[in-house]
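The values are calculated or read from the model by the stated rules, or taken from the named source; none is laboratory data. This is a predicted model, so every value here is computed, not measured. Quick reminder, even Gly has a Cβ in these numbers, built from the backbone with ideal geometry, and neighbours come from all protein chains shown. The protein model used for the area step is the full one, side chains on, heavy atoms only, and it has no ligands, DNA or RNA in it. Shrake-Rupley method; radii C 1.70, N 1.55, O 1.52, S 1.80 Å.
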Amino acid sequence: MKVWEDHLDLLVRARTPLIWIRSSEEERVEVLLKRAAERLQPRRLASWDYIEGLQGILNSEGTGSRQPMAVLEWLKNLEATNPTILLVKDFHRFCEDPGISRMLRNLSIHLRKLPHTVVLCSGHWNPPVDLEEALTILDLPLPQEPEIRTLLSNIALQTDSSIEKDVLEELTHACSGLSEIRVRQVAARALAQRGQIGLEDLAEVLEEKRQTVARSEVLEYCVTNATPADIGGLDALKNWLDQRHQAFSNEARIFGLPLPRGVLLVGPQGTGKSLTAKAIAHSWSMPLLRLDVGRLFAGLVGASEARTRETIQRAEAMAPCVLWIDEIDKGFGGDARSDGGTSQRVLANVLTWMAEKTSAVFVVATANGVERLPAELLRKGRFDEIFMLDLPRKEERFSILTLHIDQRRPGLNIPLDAVVDRTEGFSGAELEQAVIEAMHFAFAERRELEESDLILAASQLIPLSRTAKEQLDSLKQWAAGGRARPASVMLSKLTNPN
Ligand code: ATP
């Protein structure tokens, strides 16, 4: 936080008139401002809210209660000998009022000559265009590990309970990604239940994290048991992922390897892209956060950028984690003319983050097509690799069918060669569908699944590859241009077919 606090001090000392601290953690902002005022004496901190009016200034307590304009007037007339930082709570709600907006703009000029600063605090706000110019934005990151460590040990100290050093370390690490209020709640619950904070609280912390993600409009915390063993074929991709997993270790850092950034999986529907995203997270023991790109863009203009920022912040705070950007082509393929450039701006934010990111957030993006994907996204260096998941080849169909039969009728040995031959052009999802359909045939007659059921089911199913042939061909052509690596074939086999 030192860097952040230094930045705040600099802004206040430089007589920045209006600061918007972008955060939903109002209480924490107030504490940080209090500390800033102590550092920057003789400045003092005053706060205002609609109900209580002005607080923290002797003889002016209650000023401007239910009158937002009055508190701004008060500050305007405050002499320079009383330098003040004024935190105006919920003020973003009043800024739609033309009078308040005008007053703030006037203040932004007036206060350049006076040592007063107005601070607004809100995590979600789309300021009126007129006001945008006058505001200086300061993003408040979620509490970082040293802050969480101090917070937890202070709570333990204040309640006369002890906390072991390794427990403190583990809990601190687990709490990263939670707001200060949430950390306090976890601690308070632990103290109420057992009188001390201990390792037993880890489960609670994880639940709290799950809930935090659940409260987010665009992120979903996915629970999955999928492993690479559930994926039939895609050997090259699985092998590559195994290598990248190793690159997360400390040993890899010492060896000089950078943290893996992510992978883009492109392919027709049902070829196992989502399954792969799930298998990565589960087998790497990382939480899987699914980003709903559609929701990122829903709602008010301008809100998308705020949501993107918050989403990135959440994901970073949950690191190490897998951030699964599902159907990335649907969100970022928007027409800049039709959405006022929102998708372009959001994309630019995401790309900058991906390029500069130093946290252990592994991005898995999935897309059905590339024609709508912006070129910047496909450029080398954004993702560690781009894989093309084609329809499964012969051996792959065999292993996918075997997997799905084994999952449902373990130990059953059915000759599959004929089915494999008849399912050319089927995706993994369609092969699974054929197995289930065949099982229905067998179950209706209360007998074991047979080869003929599978053949019948396969013959009745029209695979997407037949109906969407053109789309598939263009995808293959694109991948053949060397832009993506085939997920099925190992490179060594490509260069050496024997
Ligand atoms: P979409 O583009 O429609 O989202 P997708 O490529 O993400 O499709 P999945 O959702 O991963 O496809 O596949 C659907 C289901 O099909 C999986 O849950 C799995 O049961 C089965 N499946 C697909 N590919 C494979 C595979 N290679 N091995 C085993 N099962 C597979």
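Tabulated data
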item: Matching residues in segment 371-399 - criterion: being within 16 Å of the ligand (Cβ to nearest atom) and open to solvent by less than 20 Å² (accessible area, probe 1.4 Å); result: L373, I386, F387, M388, L389, P392, E396, R397
item: Selection within segment 433-449 - open to solvent by less than 60 Å² (accessible area, probe 1.4 Å) and within 16 Å of the ligand (Cβ to nearest atom); result: A434, V435, A438, M439
item: Test: residue in segment 236-253 that is in contact (Cβ under 8 Å) with a residue 60 or more places away in the chain, of a type in the set (D, E, K, R) and farther than 30 Å from F426 by Cα; result: no
item: Within segment 232-283, considering residues that are closer than 15 Å to R485 by Cα and part of a helix (DSSP H, G or I), the one nearest to the ligand (Cβ to nearest atom); result: K273
item: Residue under evaluation V346, criteria (1) more than 13 Å from the ligand (Cβ to nearest atom); (2) crowded, with 17+ Cβ neighbours inside 10 Å; (3) not assigned by TED's automatic domain parsing to the domain that holds A247, criterion not met; result: (3)
item: Answer residue from segment 413-432, given it is open to solvent by 30 Å² or more (accessible area, probe 1.4 Å) and within 16 Å of the ligand (Cβ to nearest atom) and is farthest from the chain's Cα centre (by Cα) among those; result: E424
item: Single residue of T224, T212 found to be assigned to a loop (DSSP other than H, G, I, E, B), in contact with a Lys or Arg (Cβ under 8 Å, 6 or more places away or on another chain) and among the polar types (S, T, N, Q); result: T224
item: Where a residue in segment 186-204 is over 16 Å from R149 (Cα atoms) and its partner, wherever it lies, is of a type in the set (A, V, I, L, M) and part of a helix (DSSP H, G or I), with Cβ under 8 Å and at least six apart; result: L191/I155; E200/A190; E204/V186; E204/A190
item: Segment 269-288 residues that are farther than 25 Å from E207 by Cα and open to solvent by 50 Å² or more (accessible area, probe 1.4 Å), paired with ones that are within 13 Å of the ligand (Cβ to nearest atom) and not aromatic (F, W, Y) (beta carbon under 8 Å, 6 or more apart); result: Q269/N368; Q269/S427; Q269/A429; Q269/L464
item: Residue within segment 289-299 that is within 16 Å of the ligand (Cβ to nearest atom), in contact (Cβ under 8 Å) with a residue 60 or more places away in the chain, open to solvent by 20 Å² or more (accessible area, probe 1.4 Å) and within 19 Å of R345 (Cα to Cα) present; result: yes
